[in-house]
């Protein structure tokens, strides 16, 4: 990291970074925050692949820190099929993790859903074990940002760096992680409008997907769900119904957490404004405007 770029980041940390300074910086480093589906990946794609190095925390989690648990889970399922069991035991086939930036299915499948095993649900203890593994992996993958900034320049020659953070970034509850990301990058929170919120909630309810939950949030939400649905045991919980029920609560719980991070360490842009970005130049202007619009930090 050059002394020039370090100085720019220090100015950002104490609240003195200006839009013009960001526009003129020879090496721009940005972290995008926000709920999954709010447009972070689409915005990343608008930058192209010529000058901006794209770092996906979810991809890093799936290919580096949870790769072995993901494969173990797949092999465990495959061993239940007699035909595949014979092939695996004789090393006649191998199983690999084909996760990509655009296809995180292996990661979400490993994370799984809570509830009835007859509907592919996980027992509470196993679900929490996987949640804990994901939290540890997310912290590690997020802290890798600094190393990848250096790799992006030193190995690949990319002048600019974009960190596409996980949708559960705000759930880490580790101030040192937030500080590390703010030290190395300009944090941009993509804030959903009320209309966006309803769209994201509707999408999640119609097509439930595995999610990460803070343990205290999970315990409280699960208790409320079981009471409301008159469910006595976790094994009776319908996995898809629980995710559809809990997502609006999770969404509302995450909003103030993201807002606090943005107010403390970064800047905020409306999701609809981010949606209009279609080029690297427009992205730089989006970030610069967000910096200038933010109140000065003390």
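Rule-based calculations on the coordinates, nothing more; no lab input. Keep in mind that this is a model prediction, so the values were computed, not measured. Positions of Cβ are generated from backbone atoms using ideal geometry, with glycine treated the same way; all protein chains shown enter the neighbour counts.
Take the alpha carbon atoms of segment 36-77, find their center, do the same for segment 256-298, and report the distance between the two centers in whole angstrom. Here the two parts' Cα centres lie 23 Å apart. Using the Cβ-Cβ distance between residue 89 and residue 292 with R0 set to 45 Å, the FRET efficiency works out to roughly 0.10. Ranking of 273, 254, 76 by neighbouring Cβ atoms within 10 Å, starting from the fewest: 76, 273, 254. Return one number: the angle in degrees, 0 to 90 and rounded to the nearest 10, between the long axis of the Cα atoms of helix 194-206 and the longest principal axis of the Cα atoms of the chain. In the chain, helix 194-206 runs at an angle near 20 degrees to the longest axis. In the chain, Cα pairs under 8 Å separated by at least six residues give a relative contact order of 33 percent. If R0 is 35 Å, the Cβ-Cβ spacing of residue 198 and residue 228 corresponds to a FRET efficiency of close to 0.95.
This ranking places 258, 189, 233 by how few other beta-carbon atoms lie within 10 Å of each, fewest first, which gives 233, 258, 189.
Comparing 26, 192, 262, which has the greatest mean-square fluctuation in the GNM of the chain with Cα pairs linked when under 10 Å apart? The residue that fluctuates most here is 26.
Across all directions, the average projected area of the convex hull around the alpha carbons of segment 156-298 is 11.4 nm². Would you mind checking the tilt of helix 145-154 against the longest principal axis of the Cα atoms of the chain, expressed as 0 to 90 degrees and rounded to 10? Compared with the principal axis, the helix lies near 60 degrees.
If one takes the longest principal axis of the Cα atoms in the chain, at what angle in degrees, from 0 to 90 and to the nearest 10, does the Cα axis of helix 280-293 lie? Result, in degrees: 80.
Along each principal axis, taking the top coordinate minus the bottom one, the Cα set of segment 3-292 gives 61, 49, 32 Å in descending order. Normalising by residue count, segment 125-187 has a Cα convex hull of 89 Å³ per residue.
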